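Here the structure comes first, spelled out in structure tokens, and everything after it is commentary.
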Amino acid sequence: MAAPIATAATTAAEYQSAGEGKKNSAKGVRPICIPHIVVALAGNPNSGKSTVFNRLTGLHQKVANYPGVTVEHKTGYAVLSSGGERKETTPARPMMTADVFDLPGAYSLVTRSLDEEVARDVLLGRMPGAARPDVIVVVVDASSLTRSLYLVTQAMELGRPVVVALNMIDVAAATGIEIDATALAGTLRVPVVPMVARKGKGIDELRAAIVAAERAPAPSRLWSLPDAVEREVANVASWLHEQGGVRDEAAEGEAIRLLLSPPPTGGAFSLTSAGENGPDGADLDDFAAAARADLADAGVPLDSLEADCRYAFIARTVERATARPRRYVVSASDRIDAVVTHRVFGPLLFVLVMAAMFMTIFSFAEWPVALITSLVEWLAGMADAAFMALHGRAVAAGWIAATDWLTLKDLIVGGVITDGVGAVVVFVPPIALLFLFIGLLEDSGYLARAAFIVDRLMKRVGLHGKAFIPLLSSFACAVPGIMATRTIENRRDRLVTILIAPLMSCSARLPVYVMLIAAFVPPALVIGFLPLQGLVFFSMYLLGMAAAFAAAWTFKRTILKGKSPPLILELPQYKMPSARNVAITVWDNTLRFLARAGTLIFALSILIWFLKTYPRVDEAPYLAAFGPEPAPEQVETARQRAAAAQLEQSALGRIGRGIEPLFRPLGFDWKVCVGVAASFAAREVFVSTMAQTYVLPADVDAGSVTLIEKIRGHLGHDRGAVPAVTLMVFYVLAMQCLSTLAVVKRETGSWRWPAFMFAYMSVLAYAAAFAARQIGLALTG
Amino acid sequence: MPRTLDSLHVGESCTVRSVRGDPLTAQRFREMGLVAGASVRLVRRAPLGDPMELCVHGYHLAVRGDDARAIEVDASNTP
Ligand SMILES: Nc1nc2c(ncn2[C@@H]2O[C@H](COP(=O)(O)OP(=O)(O)OP(=O)(O)O)[C@@H](O)[C@H]2O)c(=O)[nH]1
Ligand SMILES: [Mg+2]
């Protein structure tokens, strides 16, 4: 998500000129010396568009082995031809650069879901802020050539030069399919570039093909309809051209869609007719409806005609260009699926994979966490020493008063290094591990199988298996999860999925769970080998999932009733996860976590430090209580009492006690309340708030108090794990994330849904935490 | 009564005759290659019996039995 998007600054002017005079496009009128074009990467989902995009632009857009990874269009800058002076041996090559669009996948330009609409709109030049592409590259999965060519035939009717990137020829070859690219290009009459994008094979050729295609004429339609229909198409096309100002080369494709696609709801037919000179929608619909009625009267099977005719042409094309094995080859992918989707082993494996994933994250997180903890301590020690070393000099030089110097030291060493950012950064290892697992699952092809396996259960609650994919992404973060719901065809189902996505435990909750479990759940083994702590950790994820299912069930029966559209889900072949893709997933997300720690959490730590430090409480009266000459232990005790009073009377203490009554039924004391409140900015801050608000009890040696001991101190030992479990249940279910609310607002277009989401999750979290506490207290007596 | 796609046995192949039902859905099924004359094989059913995994034009597609009922098929002569 966070990939920087390099957009050539010089292109802004061109965008404008392209917008004004669409007709005199790329050729001839460019005022800029270096030709700069706009290239769109279209194609079926999972065909490798983002992989090609990354190779062309050097960016790292997310790549994974399931359909529907990319749901927004992304722009990148590419040098297509670096140019070359004319030498005696080589002719001059013009330099050429491009804005490249990575598009969401689409099976057809007659769209069914939001992500497909994005792709269509960019291709047609209707997307605000995106220029109409000069060249369309259709990325084709060679292992399912027939289906992929459907979109190719449609793209060839958009009035722009087309280049076919015949990707994944390695996958095709593994199943015994050989494709003759030259023959394919000969039939389609557009350039075809065989590629293995994942290995970078064919990228140079693709660049060259795009440069060459830029000046090529728009391809012509090669398949034909029955004569009567052709006449009607010509009619509508000329109407579009004359009345509607649709460009000649694109009018025919438009006419075919108008006549032969089932009328979309809302009559939004005018596909290519963007802009001020587009035809009037109502006129157009009347005209098309009349033509459709005429054809229907003549007995033309309007609905099936287009697909039948396109596929008839495609079948001939594929026949001519491919050699396939005589007999059906059982691919490795099939053999894997025989186990993974097996009646018994399939679901078992599914549960095992999930359990193993979360238990491993918990167990193996310990030693790297310990390592980072000592690193943080070392850093704090260094900072402390530096402050002490400079103390004398700074004070002697009169820069700063001695007490202020110590206060500053406390801010930096305590507020920021050990208890603030440091308390959060120690969770980098488990978070990186979580993303390693997610990356492996995503890039292997397992995600689509998981959707296949759980579809039946999802049907119970009224959703699709497809909705499961965004939910699994939400284990990382609800924001991309909510974006991924764009692949869900139906608005109501999409809303339901958006509403439940934040119930899946995201990576920001992970530190809270790890910390509370480590502090309160004994490291015992269940049935001899299952670590209890890991099990409790996994249960938190299960609880979130169960709540999500229950909420979906409720919404589908009340506010968002309605039938789901059919499930149509492609199951891609398994692929060996690419180290590069997985590494990018881990790296990007870990970096994002660190960036949050360095900015948001850093700022919040400082804020909390100030709130807990001011107004100041004087130590003197506490010392005076022990008489004029207190013993060293007495000094220590007095200090600790003063610190406790300081915290009580600080701004933070007052705020906390203000909220406390609200959470009293859940048994949260005011410090926990402050942590909960601070979590609205970022859940991880709970950990650092706990660290910062800890006051040493009188009998504890100040030496090294670990985070875990501090947590124990906060929640008390007397009631066992009950307070910790109550708190975790609250965190599983509560809506404490502003970015999620913001993205829901953006995706649904109003504040209504985010407000509803916040309300229902808050009530749910409160009620469930209350119930958990009551049950816990009853059980523990 | 012509057979419909949902009645296929695992491993069985058939040829699509026509796609009925909701026009938009039918259109998408056709766009995905389930056009008249296309050969389809039922690869397996999901562990809970539904959905079903089809192989059509060499790729794998999951659809629910309920929706597959809208697709009329002829038994293939080749096993
Ligand atoms: N074996 C092989 N795998 C490839 C090739 N190109 C891409 N892949 C893999 O195919 C999967 C899909 O690639 P993406 O680039 O995410 O595909 P996409 O078209 O952007 O997919 P969506 O965004 O979901 O539409 C990833 O696992 C890639 O690593 C290739 O040439 N050979
Ligand atoms: Mg993509």
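The values are calculated or read from the model by the stated rules, or taken from the named source; none is laboratory data. Everything numeric here is computed off the predicted structure, so don't read it as measured data. Glycine gets a Cβ as well: all are built from the backbone with ideal geometry, and neighbour counts include every protein chain shown. Please note that ligands, DNA and RNA were not included when accessible areas were found on the heavy atoms of the full protein model with its side chains. Shrake-Rupley method; radii C 1.70, N 1.55, O 1.52, S 1.80 Å.
Just a few scattered comments:
- Flag for A:Pro566 being assigned to a loop (DSSP other than H, G, I, E, B), free of Cβ contacts under 8 Å to residues at least 12 places away in the same chain and assigned by TED's automatic domain parsing to the domain that holds A:Gln646: no
- Any hit, the stretch A:375-397, residues being more than 30 Å from A:Arg616 (Cβ to Cβ) and away from ligand 2 (no atom under 16 Å from the Cβ): yes
- If the condition is being away from chain B (no Cβ under 14 Å) and either open to solvent by 10 Å² or more (accessible area, probe 1.4 Å) or closer than 21 Å to B:Ser39 by Cβ (or both), then the stretch A:131-147 contributes A:Ala131, A:Arg132, A:Asp134.
- Positions within the stretch A:41-85 being within 11 Å of ligand 2 (Cβ to nearest atom) and among the β-branched types (Val, Ile, Thr), in sequence order: A:Thr51, A:Val52, A:Val63, A:Val69, A:Thr70, A:Val71
- Where strands (runs of 3 or more DSSP E) sit wholly within the stretch B:19-79, those with at least 1 residues that are of a type in the set (Asp, Glu), at the interface with another protein chain (Cβ under 8 Å from one of its Cβ atoms) and in contact with a Ser or Thr (Cβ under 8 Å, 6 or more places away or on another chain) occupy B:52-56.
Conditions (1) more than 7 Å from ligand 1 (Cβ to nearest atom); (2) more than 14 Å from chain B (Cβ to nearest Cβ); (3) at pLDDT below 95, marked per residue:
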| residue | (1), (2), (3) |
| --- | --- |
| A:Ser47 | no, no, no |
| A:Pro67 | no, no, yes |
| A:Lys74 | yes, yes, yes |
| A:Gly84 | yes, yes, yes |
| A:Leu103 | yes, yes, no |
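Condition check ((1) crowded, with 24+ Cβ neighbours inside 10 Å; (2) within 16 Å of ligand 2 (Cβ to nearest atom); (3) at pLDDT 90 or above) across all residues:
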site: A:Ile431; (1), (2), (3): yes, no, no
site: A:Leu440; (1), (2), (3): no, no, yes
site: A:Tyr446; (1), (2), (3): no, no, yes
site: A:Gly462; (1), (2), (3): no, no, no
site: A:Gly465; (1), (2), (3): yes, no, no
site: A:Pro470; (1), (2), (3): yes, yes, yes
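- Filter result for A:Leu472 (more than 19 Å from A:Ala765 (Cβ to Cβ) and in contact (Cβ under 8 Å) with a residue 60 or more places away in the chain): no
- The residues of the stretch A:721-758 that are within 19 Å of A:Met545 (Cα to Cα) and assigned to a helix (DSSP H, G or I), listed by number, are A:Val725, A:Thr726, A:Leu727, A:Met728, A:Val729, A:Phe730, A:Tyr731, A:Val732, A:Leu733, A:Thr740, A:Met757, A:Phe758.
- Scan of the stretch B:1-18 for residues that are more than 9 Å from every other protein chain (Cβ to nearest Cβ) and in a strand (DSSP E or B), ordered by number: B:Arg3, B:Thr4, B:Ser13, B:Cys14, B:Thr15, B:Val16, B:Arg17
- Pairing residues of the stretch A:55-76 that are in the same structural domain as A:Leu436 (by TED's automatic domain parsing) with residues that are within 10 Å of ligand 2 (Cβ to nearest atom) and assigned to a loop (DSSP other than H, G, I, E, B), at Cβ distances under 7 Å and at least 6 apart in sequence or on separate chains, gives no pairs at all.
- Filtered residues of the stretch A:296-306 (kept if in contact (Cβ under 8 Å) with a residue 12 or more places away in the chain and either open to solvent by less than 50 Å² (accessible area, probe 1.4 Å) or of a type in the set (Ser, Thr, Tyr) (or both)): A:Val300, A:Leu302, A:Leu305, A:Glu306
- Any hit, the stretch A:148-171, residues being assigned to a loop (DSSP other than H, G, I, E, B), aromatic (Phe, Trp, Tyr) and either at pLDDT below 95 or open to solvent by less than 50 Å² (accessible area, probe 1.4 Å) (or both): no
- Qualifying residue in the stretch A:582-590 (condition: at pLDDT 85 or above and farther than 19 Å from A:Val479 by Cα): yes
- Residue within the stretch A:186-201 that is within 14 Å of another protein chain (Cβ to nearest Cβ) and either assigned to a helix (DSSP H, G or I) or away from ligand 1 (no atom under 16 Å from the Cβ) (or both) present: no
- Some residue of the stretch A:240-259 being loosely packed, with under 14 Cβ neighbours inside 10 Å, modelled with pLDDT under 90, part of a helix (DSSP H, G or I) and within 14 Å of chain B (Cβ to nearest Cβ): no
- Condition check for B:Gly49 on (1) within 28 Å of A:Pro347 (Cβ to Cβ); (2) modelled with pLDDT of 90 or more: one failure, at (2).
- Applying the criterion of at least 2 residues that are touching a residue at least 40 places away in the same chain (Cβ under 8 Å) to the helices (runs of 4 or more DSSP H) found wholly in the stretch A:345-415 leaves A:345-364, A:366-396.
Residues are listed down the side, and each one gets a yes or a no for (1) within 14 Å of chain B (Cβ to nearest Cβ); (2) more than 16 Å from ligand 1 (Cβ to nearest atom):
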site	(1), (2)
A:Ala385	no, yes
A:Ala389	no, yes
A:Gly398	no, yes
A:Ala402	no, yes
A:Val413	no, yes
A:Asp419	no, yes
A:Leu433	no, yes
A:Ile438	no, no
A:Ala448	yes, no
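- The residue of the stretch A:494-512 that is farthest from the other protein chains (Cβ to nearest Cβ), among those that are assigned to a helix (DSSP H, G or I) and surrounded by fewer than 24 Cβ atoms within 10 Å (Cβ to Cβ), is A:Leu495.
- Scan of the stretch A:562-583 for residues that are closer than 20 Å to B:Ala68 by Cα and hydrophobic (A, V, I, L, M, F, W, C), ordered by number: A:Leu567, A:Ile568, A:Leu569, A:Leu571
Table: residues versus (1) within 14 Å of chain B (Cβ to nearest Cβ); (2) within 16 Å of ligand 1 (Cβ to nearest atom); (3) under 32 Å from the mean Cα position of the chain (by Cα).
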residue: A:Val152; (1), (2), (3): yes, yes, yes
residue: A:Val163; (1), (2), (3): no, yes, yes
residue: A:Ile177; (1), (2), (3): yes, yes, no
residue: A:Leu184; (1), (2), (3): no, no, no
